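Below you'll find the structure, written out as structure tokens, and then a few comments.
The numbers here are math on the coordinates, done by the rules we state, and not lab data. Computed from a predicted model, the values in this text were never measured in an experiment. Glycine also receives a Cβ, built like all others from the backbone with ideal geometry; neighbour counts cover every protein chain displayed.
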Amino acid sequence: MARARLSDDIFNDLKNKIILGTYKINSKLPPERQLAEHYSTSRIPVRDAIRRLTEQGFIKTTPGSGSVVISQGSPSFDSGEDSSIEEGPVEIGDTRVLLESIRLRCLIESEAARLAAVNRTTEDIKKIQSALFESINEIRKLKLKESNSFFEADRMFHRAILEASKSQFLLDAIDSMPLLMLCHQFWSLKYTTPRDEVVSFHTQIYESILDENETKAYEAMKRHLSRVESLIAMRNKSNKGHVKNNEEDI
């Protein structure tokens, strides 16, 4: 069971890195031995994750030559200010799915933040703080149009809080929708001005958990994700207006 869970984690991490462009088209994945060392495991769960990536068409594996990325599964995220509004890490045309899933995340992660304020350990605080600092560092790189890993830093911040909640159920619920979370991240960052606002929310959440204030932690996370919901809704309204104007011109 533990091995299957580890294989899932490796598979999802590698898939997300391919989708986000960490591993680009025609680039090779690290060899199994190196990946096993990176994930602190044996080659067996790594091999299983690679098999699933091959079956889903993300990579092509040739004996003796390794695994090469052949598809990102969707358009890459472009952090530039002039990037097209239609681009995103996952093609999910039904905005209703995005809105319903972010509302679900709001319920789950607000409760997780509240529980984290109650159950967090000193080690949990260190992990959340480290993830917070990493997200601040990566958002600065993004603003400078440098290569960055903000999505991964953002994911690790939220995951650190879920782990601090000590609720495996809440953690599993969020782990079940990795691609939807990428969509939420994309549209949130696309429309956020200034982009420092993202990490200001993270700071408020962290400080509330540090202070063991469960009410403030719950509300801080709720404000953070409710704002993402508002941005997705705004995107939907903008797209509908664009379609209506096009119909009037016909």
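Given the Cα-Cα distance of I70 and R51 and 0.36 nm per residue of separation, how much length would full extension add, in nm?
Numbers: separation 19, 0.36 × 19 = 6.84 nm, distance 1.40 nm.
Once the chain is fully extended between I70 and R51, it gains 5.4 nm.
Rank-order 9-18, 34-43 by packing density, defined as the average count of other C-beta atoms within 10 Å over each peptide's residues, highest first. Mind dumping the intermediate values first?
Numbers: 9-18: 19.5, 34-43: 14.2.
Answer by packing, highest mean first, reads 9-18, 34-43.
Please give the peptides 132-139, 179-186, 119-126 ranked by average Cβ packing (other Cβ atoms within 10 Å per residue), highest first, as a rough proxy for protection.
Numbers: 132-139: 18.9, 179-186: 20.5, 119-126: 13.5.
Listed from highest to lowest mean packing, they are 179-186, 132-139, 119-126.
If you take the alpha carbon radius of gyration of region 95-249 and divide it by 2.2 N^0.38 Å, what ratio comes out, to two decimals?
Here the answer is 1.09, to two decimals.
Under the rule of at least 5 residues apart or a separate chain, name every residue whose amide H is placed under 5 Å from the amide H of G66.
HN-HN under 5 Å from G66: empty list.
Taking a cut-off of 30 Å between Cα atoms, list the lysines near K166, but don't count ones fewer than 8 places away on the same chain.
K15, K17, K126, K127, K216, K222
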